[in-house]
Each structure stands twice: as C-alpha cells, then as structure tokens.
Amino acid sequence: APSCIKCGLPTSRLKTKRSNRNGNALRPYYKCQPCNKFHCFADTRGNDPANPLCHCGVSSKRQLSGLEKRPPRQLHYVCRLGTCDYYDVDRSLSGESKDFDENVLERMRELNLV
C-alpha cells in the first residue's frame, strides 16, 4: 500500500460499493483513513506503458472522472502508484479535452482502458 502523500501514514486497501454509478463497482482502491483522501485504484485498469509519465517517472493511469465531477466523464491521467499528485487531462491534437459518448466509455471500461 502506498503511503499518504498528505500525512505519510500507510493507506488502506478498500473496495468501492457494488452500487457505484461510475462503472467502478467493487473496484479495489487505496485511501488514507486519517485524511479521508482517495489515493489510487489498486488494479491494472487504465494502466498503459504508453500513458504519460507521472512525477514518479512511471507510466500513469488513464481514468474517467465521475458523474458528480465538473466536468463529468472527463478522460485524465493520474499517478498509478498513488505516490505523487500527478494529474493531466487527456486532450485532442487541437488542445481540447476529449468528450466521449457513454456507450464508448462503457466499451472502454470493458476493455480495461479506463
């Protein structure tokens, strides 16, 4: 388990609820209990050696923001190890954030791309 990047204490491995509406039902993740901070998902979904390097120097994890976030369903990259604060939005060649139809996003989840 990674240490919390905020307080340095060990994080706890948990699982999302079965009722998760963001396509992450029962997905394992790490969270710092004292800080109440989500750190990273504890699986290989979204991991790709071709993803941008995070501040740790390893390939990042491709994720999709939740329905309650602004903007919702935005494709982005984070540290896959949960050990740095790397965050970058996936953008098209013209610099715009990429928008996807919900059916395409579901297929990307099925293929473990996000």
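The values are calculated or read from the model by the stated rules, or taken from the named source; none is laboratory data. Note that the structure is predicted; figures quoted are calculated from it, not measured. Here the Cβ positions follow ideal geometry from the backbone for every residue, glycine too, while neighbour counts run over all protein chains shown. Just so you know, the surface numbers come from the protein's heavy atoms only, side chains and all, with ligands and any DNA or RNA stripped out. Shrake-Rupley method; radii C 1.70, N 1.55, O 1.52, S 1.80 Å.
Here is a check on your reading of the model: is L53 touching a Pro at 6+ places or on another chain (Cβ under 8 Å), open to solvent by 20 Å² or more (accessible area, probe 1.4 Å) and either at pLDDT 95 or above or within 22 Å of F100 (Cα to Cα) (or both)? Write out each step before concluding.
Details: touching a Pro at 6+ places or on another chain (Cβ under 8 Å): no; open to solvent by 20 Å² or more (accessible area, probe 1.4 Å): yes; either at pLDDT 95 or above or within 22 Å of F100 (Cα to Cα) (or both): yes.
No: the conditions fail for L53.
Within the range 89-108, restricting attention to residues that are under 13 Å from L64 (Cβ atoms) and either touching a strand residue (DSSP E or B) at 6+ places or on another chain (Cβ under 8 Å) or of a type in the set (S, T, Y) (or both), which residue is modelled with the highest pLDDT? Reasoning before the result, please.
Step one: of the range 89-108, the residues under 13 Å from L64 (Cβ atoms) are 89-90, 97-102, 104-108.
Within this subset, residues satisfying the condition of being either touching a strand residue (DSSP E or B) at 6+ places or on another chain (Cβ under 8 Å) or of a type in the set (S, T, Y) (or both) are 89-90, 97-98, 100, 105, 108.
Values: V89: 91, D90: 87, S97: 77, K98: 75, F100: 75, L105: 83, M108: 87.
Here the residue is V89.
Has the range 103-111 got any residue that is part of a strand (DSSP E or B) and touching a residue at least 40 places away in the same chain (Cβ under 8 Å)? Steps first, answer last, please.
Taking the range 103-111 and keeping what is part of a strand (DSSP E or B), we get none.
Among the residues of the range 103-111, not one is part of a strand (DSSP E or B) and touching a residue at least 40 places away in the same chain (Cβ under 8 Å), which makes the answer no.
So A1 passes all but one of these: (1) open to solvent by 60 Å² or more (accessible area, probe 1.4 Å); (2) out of contact with any Phe, Trp or Tyr (no Cβ under 7 Å at 6 or more places or on another chain); (3) modelled with pLDDT under 90. Which condition number does it fail?
Of the numbered conditions (1) open to solvent by 60 Å² or more (accessible area, probe 1.4 Å); (2) out of contact with any Phe, Trp or Tyr (no Cβ under 7 Å at 6 or more places or on another chain); (3) modelled with pLDDT under 90, the odd one out for A1 is (2).
Given the conditions (1) on the phi > 0 side of the Ramachandran plot; (2) within 15 Å of the chain's Cα centre (by Cα), which single one is not true for N36?
Looking at each condition in turn, N36 falls short on (2).
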